[in-house]
Amino acid sequence: MDDGRSILSSVVASQLATHARYGGVVPELASREHLRAIVPVVRLALEEAKSGYSDLSAIAATIGPGLVGSLLVGLTFAKSLSFARGIPLIGVNHIEGHIHAAILDAAVEFPAVALIVSGGHTHLFEVNPGFSYRLIGKTRDDAAGEAFDKVGKLLGFGYPGGPVIDQLAPYGNPNAVKFTLAKMKGNTLDFSFSGLKTAVLRWTQARDLTAETQARKELLAAHPQPSIEEWLAVTPQTTRDVLASFQRTVIEELLRRAAAAAESIAARALIISGGVACNSGLRAAARDLHLPYPIYFPSPGLSTDNAAMIAAAAFPKLKRGEFTSLNAAASANLTLA
Ligand code: KG4
Ligand code: ZN
């Protein structure tokens, strides 16, 4: 990035093909893929930005949370570059990166509420001027993305489930299966998705879906990225309906609590980011709410994990001279607030 707002290049080395056959991310394979990818990815990013190492004034890397092996590869590479070129190192919280992905070139008014929905997080933060954060709600069990992935896996759609369910949901009736929304004791801004996941499991067990699930597994085995027509051919209407109903329930749950959070702090903006923020049903439902403050989503390319969002989050720290020591350790469970 050249000024915290404009992206000069954004290179993402997807590992989905590696992990898809195991139905989820395999930590050891992820570390190895990171090792293989880091040098070529940085080289390509510089090339696409028409820049060289000598043009860099600082290097940012994710310091946590995440799989520690993968974090270490990026952080160690960034430390080496920082040391070799004599430029500052800026360690960035992955979640803060997601928040910045949504507000790159926006003049956001504060306080804002940020809903971070990914494979590992379903968190609500209050965002205040100067980018200080306060956690105001979070999932007590599964993250929303995790629920998408588990339902996808259960029904033979492979990994990750989110994008496929998103594509198929418009072909189903979202009101066909009534899933009850989780009632929360204590903090009513907390989320829970494990009950919904279990409800989908029960729905599945009450029917014999062996043949269609097997057909989908065979489709995936034949080639890793089936088209929507191919998915539809092995997905009967009842299954489309349960997917649409599941997705509608997740979306309602997310937006209901996000809107309540915004109301509780008199927010002037709502930021929705993280992999699940790609979901087209979620984006449409958020628009349809006509809330009295603007909602910021990242562009689809910046919703799932990427490096540009980490650079964007690093800029305010660069301006403040908030640098990270070369002794800093990666932290798998780092929290934002
Ligand atoms: O932010 P992200 O790329 O990685 C994490 O930090 O977790 O998010 C990945 C998650 C996965 O659970 C994936 O199923 C979900 O985001 N996801 C989606 C969609 N695209 C990705 N969920 C619903 N609809 C989508 N279109
Ligand atoms: Zn993420």
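The values are calculated or read from the model by the stated rules, or taken from the named source; none is laboratory data. Bear in mind that the values here come from a model prediction, so they are computed numbers and not experimental data. In this analysis, Cβ positions are derived from the backbone assuming ideal geometry, glycine residues included, and neighbour counts consider all displayed protein chains. Just the protein is used for accessible areas: all its heavy atoms, side chains included, with ligands, DNA and RNA removed. Shrake-Rupley method; radii C 1.70, N 1.55, O 1.52, S 1.80 Å.
Per residue of segment 231-236, in order, report the coupling 6.51 cos²θ - 1.76 cosθ + 1.60 (Karplus, θ = phi - 60°) as ³J(HN,Hα) in whole Hz, putting x for Gly and Pro.
Coupling constants for segment 231-236: 5, 4, 5, 10, 10, x Hz.
Taking the radius of gyration and the Kirkwood hydrodynamic radius from Cα positions alone, what is the Rg/Rh ratio for segment 277-337, to two decimal places?
Rg divided by Rh gives 1.10.
Where Lys and Arg each count +1 and Asp and Glu each count -1, what net charge lies around Ser57 among other residues with Cβ under 14 Å from its Cβ?
0
Largest first, what is the accessible-area ranking of Thr335, Thr180, Thr139 with a 1.4 Å probe?
Ranking Thr335, Thr180, Thr139 by accessible area, largest first, yields Thr180, Thr335, Thr139.
Taking the Cβ of Pro160 as the centre, find all other residues whose Cβ is under 12 Å away and add up their charges (Lys, Arg: +1; Asp, Glu: -1).
Summing Lys and Arg as +1 and Asp and Glu as -1 gives -2.
Roughly how many nanometres apart are two label points built 7 Å out from the Cα toward the Cβ at Ala13 and Tyr293?
The two pseudo-label positions are separated by 3.9 nm.
Considering Cα pairs under 8 angstrom that are at least six residues apart, work out the relative contact order of the chain and quote it in whole percent.
Normalised by residue count, the contact order of the chain is 27 percent.
Less than 13 Å Cβ to Cβ from Val12, Lys/Arg counted +1 and Asp/Glu -1: what total charge do the surrounding residues give?
-3
Where only protein heavy atoms count, and the probe is 1.4 Å, what is the accessible area per residue for segment 255-337 in Å²?
Heavy-atom accessible area per residue stands at 48 Å².
List the residues, sorted by chain then number, that are 5 or more residues from Ala60 or on another chain and whose placed amide H is less than 5 Å from its amide H.
Excluding prolines and chain starts, which carry no amide H, the hits are Ile90.
Show me the ranking of peptides 279-292, 51-64 by mean Cβ neighbours inside 10 Å, starting with the highest.
51-64, 279-292
Could you give the spread of the C-alpha atoms of segment 1-121 along their three principal axes, from largest to smallest, in whole angstroms?
41, 39, 23
List the residues, sorted by chain then number, that are 5 or more residues from Leu8 or on another chain and whose placed amide H is less than 5 Å from its amide H.
Asp2
Could you check how much of the accessible area of the chain is carbon and sulfur, as a whole percent, using a 1.4 Å probe?
Percent of accessible area from carbon and sulfur atoms in the chain: 56.
Tell me, what are the semi-axes, in whole angstrom and largest first, of the equivalent ellipsoid of segment 195-337 as set by the roots of 5 times the Cα gyration tensor eigenvalues?
37, 23, 16
Return one whole number: the accessible area per residue of segment 108-222 in Å², for a 1.4 Å probe.
Spelled out: the 1.4 Å probe surface of segment 108-222, per residue, equals 46 Å².
Run the helix sum for the chain: -39,500 (n - 2.57) per DSSP H stretch of 4+ residues, divided by residue count, reported at 222 nm to the nearest 500 deg cm²/dmol.
Rounded to the nearest 500, the figure is -14500 deg cm²/dmol.
Taking just the alpha-carbon atoms of segment 170-267, what radius of gyration and Dmax come out, in angstrom?
Using the Cα atoms of segment 170-267, the pair Rg, Dmax is 16.8, 51 Å.
Please sort 252-262, 82-92, 11-21 by packing, taking for each peptide the average over its residues of neighbouring beta carbons within 10 angstrom, highest first.
252-262, 82-92, 11-21
Is the chain rounded, prolate or oblate when judged by the Cα gyration tensor, a ≥ b ≥ c being the square roots of its eigenvalues, rounded requiring a/c under 1.5 and prolate requiring a/b larger than b/c?
It comes out oblate by the Cα gyration axes.
Along its principal axes, what span do the Cα atoms of segment 108-297 show, with the longest given first and each in whole Å?
So the three principal-axis extents are 53, 32, 26 Å.
List, in order, the whole-Hz ³J(HN,Hα) value for each residue of segment 311-320 obtained from phi through the Karplus relation with A = 6.51, B = -1.76, C = 1.60 and θ = phi - 60°; use x for Gly and Pro.
Per residue, the Karplus-derived 3J(HN,Hα) values read 5, 4, 5, 6, 4, x, 6, 4, 5, 7 Hz.
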